[in-house]
Amino acid sequence: MTETIPVPSGSVATRIALLSGPEEAQAQTAACTPGLAAGPWTFDAAPGYGPGASLGDTVPAGTPRQGELPAEYREAGAAELDERILRAKAALGSRAVILGHFYQRDEVVRHADFVGDSFQLARAAKIRPEAEAIVFCGVHFMAETADLLSGPDQAVVLPNLAAGCSMADMADADSVAECWEQLTALYGKAPQAGGMRPVIPVTYMNSSAALKAFCGENGGIVCTSSNAASVLEWAFERGQRVLFFPDQHLGRNTAKTMGIPLDAMPMWNPRLPLGGNTAERLQEAKVLLWNGFCSVHKRFTVEQIARARAEHPGVRVIVHPECPMPVVDAADESGSTDYIQKAIAAAPAGSTFAIGTEINMVNRLAAQYPEHTIFCLDPVICPCSTMYRIHPGYLAWVLEGLVAGEVRNRITVPAATAAAARTALERMLAVRP
């Protein structure tokens with residue numbers, strides 16, 4: 001039987017299950033939205049991101065939906081699903097590799113062959129060429145990226161097609177193209193002095209393959225939270241300005257650390273002419289920030305940091321750079337999920353950490369490093385809605401399909417998009433953080 005990572009007894013899913021238990025148990029935990037204790041399949045038939053941080057976010061028309069999960073998987077208990085996943089993995093051997101993002105629930109991550117952030121998993125998709133299938137326990141844009149970087153004979157599978165990303169959906173191809181048309185009308189297309197382009201598009205990894213292709217076609221690049229500063233340096237070596245989408249906070253926080261003043265970072269609202277700016281303001285801009293955000297990281301506040309410092313003197317506060325700027329400024333440090341994990345691993349025993357990122361990762365770190373005190377800045381359980389749509393039931397379903405010779409939920413980027421998107425990704429992979 002394949003060895004797996006043990007699930008902490010206080011996993012997020014276990015704590016959420018208390019919400020449907022006795023009243024005295026419910027009093028010990030609080031969640032941001034109703035429905036988290038229900039199986040994700042409960043929400044597959046309706047449009048929406050599902051319970052969690054993105055419940056109130058607007059879902060674009062045409063967002064992928066998951067078909068009905070067979071009853072045998074919906075009704076199976078945790079132990080049965082674990083056993084079925086282990087049997088399927090053993091039967092598949094090296095023919096399949098499972099990638100798991102840090103934000104996945106423990107009950108899924110324990111079965112992953114690689115666990116990491118989006119940057120690490122993008123690289124992992126390239127290093128198992130013998131695998132016939134890459135099962136990506138993450139969200140849709142990550143599976144698209146894996147399809148772009150994997151071999152032509154490898155199938156990329158997303159266990160639940162409803163695992164999208166509300167931030168990625170805040171910038172669509174049509175809106176970005178319209179923005180670009182307005183910017184090129186203002187700045188022109190011809191290179192300026194020294195061969196510098198008027199503007200370089202930079203898209204966060206949390207975006208569709210179509211937007212990665214847009215960057216590839218227009219001299220741009222992809223970034224992650226691990227390498228955003230290095231990517232912006234790359235862009236400024238080639239252009240006078242950067243159009244950064246879809247996450248305003250990562251763009252602002254990164255550019256600020258590079259010494260770019262806030263008044264040189266106007267926001268672009270795609271619903272307004274010139275993004276809601278004057279032509280003069282845009283001429284003076286260094287970084288144009290798309291009006292997008294992460295619904296998980298916008299929950300963290302300066303007040304939460306102040307409370308953590310009052311209750312835990314000497315606490316070390318680390319937040320993700322997708323958090324709003326005042327939160328990043330109030331923290332001791334900010335960094336990617338990989339940065340956070342490495343900081344905790346390197347700390348002396350007895351350290352206390354308040355972490356501003358997704359609860360599944362924070363909870364797992366607390367179990368993994370019992371010599372430290374580790375807690376989430378947000379006292380309310382509020383997982384990433386779409387990461388939480390991946391459940392062991394869906395993982396068992398797609399793995400058993402592979403055993404039977406059936407590829408379920410394959411993610412394929414159209415050839416017309418893939419080449420240019422791959423160009424932007426390869427530029428990113430060539431940049432060292």
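The values are calculated or read from the model by the stated rules, or taken from the named source; none is laboratory data. For clarity, every value in this text was computed on a predicted model and none was experimentally measured. No Cβ is skipped: glycine too gets one built from the backbone with ideal geometry, and neighbour counts run over all protein chains shown. Remember, those area values only see protein heavy atoms, side chains included, never the ligands or the DNA or RNA. Shrake-Rupley method; radii C 1.70, N 1.55, O 1.52, S 1.80 Å.
Can you give the accessible area per residue of the range 11-155, in Å², using a 1.4 Å probe?
Working: 6100 Å² over 145 residues.
Using a 1.4 Å probe on heavy atoms only, each residue of the range 11-155 averages 42 Å².
Where in the chain are the helices, taken as whole DSSP H runs, whose Cα atoms extend 15 angstrom or more along the long axis and whose Kyte-Doolittle mean reaches at least 0.0? Don't skip to the end; give the middle numbers.
On the way: long enough: 78-92 (21 Å, 0.10); 173-187 (20 Å, 0.13); 392-403 (16 Å, 1.12); 415-430 (23 Å, 0.62).
Correct list, ordered by number: 78-92, 173-187, 392-403, 415-430.
Set the Förster radius R0 to 45 Å, insert the Cβ-Cβ distance between Lys298 and Ala91 as r into 1/(1 + (r/R0)^6), and round the FRET efficiency to 0.05. Show your work: numbers first, answer last.
Values: r = 43 Å, r/R0 = 0.95.
Plugging the Cβ-Cβ distance into 1/(1 + (r/R0)^6) gives 0.60.
If you work out Cα Rg over 2.2 N^0.38 Å from the coordinates, which of (1) 1.11; (2) 1.05; (3) 0.97 do you get?
(3)
Taking loop as defined by DSSP and a crowding limit of 14 other beta carbons within 10 Å, which GluC sites (Glu not before Pro) in the range 363-433 fit? Present the calculation step by step, with values, prior to reporting the outcome.
Numbers: sites: Glu371, Glu400, Glu406, Glu426; in loops: Glu371, Glu406.
Counting only loop positions with at most 14 other Cβ atoms within 10 Å, the GluC sites (Glu not before Pro) in the range 363-433 are Glu371, Glu406.
So how far, in whole Å, is the C-alpha centre of the range 306-348 from the one of the range 33-61?
When both Cα centres are located, 29 Å separates them.
For Ala416 and Glu75, calculate 0.36 nm times their separation in residues minus their Cα-Cα distance, and state this gained length in nm to one decimal.
118.7 nm
Within the range 254-290, what residues put their amide N at less than 18 Å from the label point 7 Å along the Cα-to-Cβ vector of Gln192?
Answer for the range 254-290: 259-267, 278-289.
Once you have the Cα-Cα distance between Glu68 and Ala306, take 0.36 nm times their residue separation minus that, and quote the gain in nm to one decimal. Numbers along the way, then the final one.
Numbers: separation 238, 0.36 × 238 = 85.68 nm, distance 4.49 nm.
Extra length available between Glu68 and Ala306 comes to 81.2 nm.
Which percentage, to the nearest 5, of the DSSP beta bridges contained in the chain is antiparallel? Walk me through the numbers before you get to the answer.
Numbers: 1 of 36 bridges.
Counting DSSP beta bridges with both partners in the chain, the antiparallel share is about 5 percent.
Under the Cβ-under-4.7 Å rule, which cysteines of the chain stay unpaired?
Cys137, Cys165, Cys179, Cys215, Cys223, Cys294, Cys323, Cys376, Cys384
Could you give the accessible area per residue of the range 263-391, probe 1.4 Å, as a whole number in Å²?
Working: 4980 Å² over 129 residues.
Accessible area per residue: 39 Å².
Suppose accessible area is computed on protein heavy atoms with a 1.4 Å probe; arrange Phe114, Phe141 from highest to lowest.
Working: Phe114 60, Phe141 10 Å².
The ordering from most to least exposed comes out as Phe114, Phe141.
Cα-based count: Lys pairs in the chain below 25 Å, eight or more positions apart or different chains?
Within the chain, the lysine pair count is 13.
Could you check how much of the accessible area of the chain is carbon and sulfur, as a whole percent, using a 1.4 Å probe? Display every interim value, and only then the final one.
Working: 8980 of 17110 Å².
Reported share for carbon and sulfur atoms: 53 percent.
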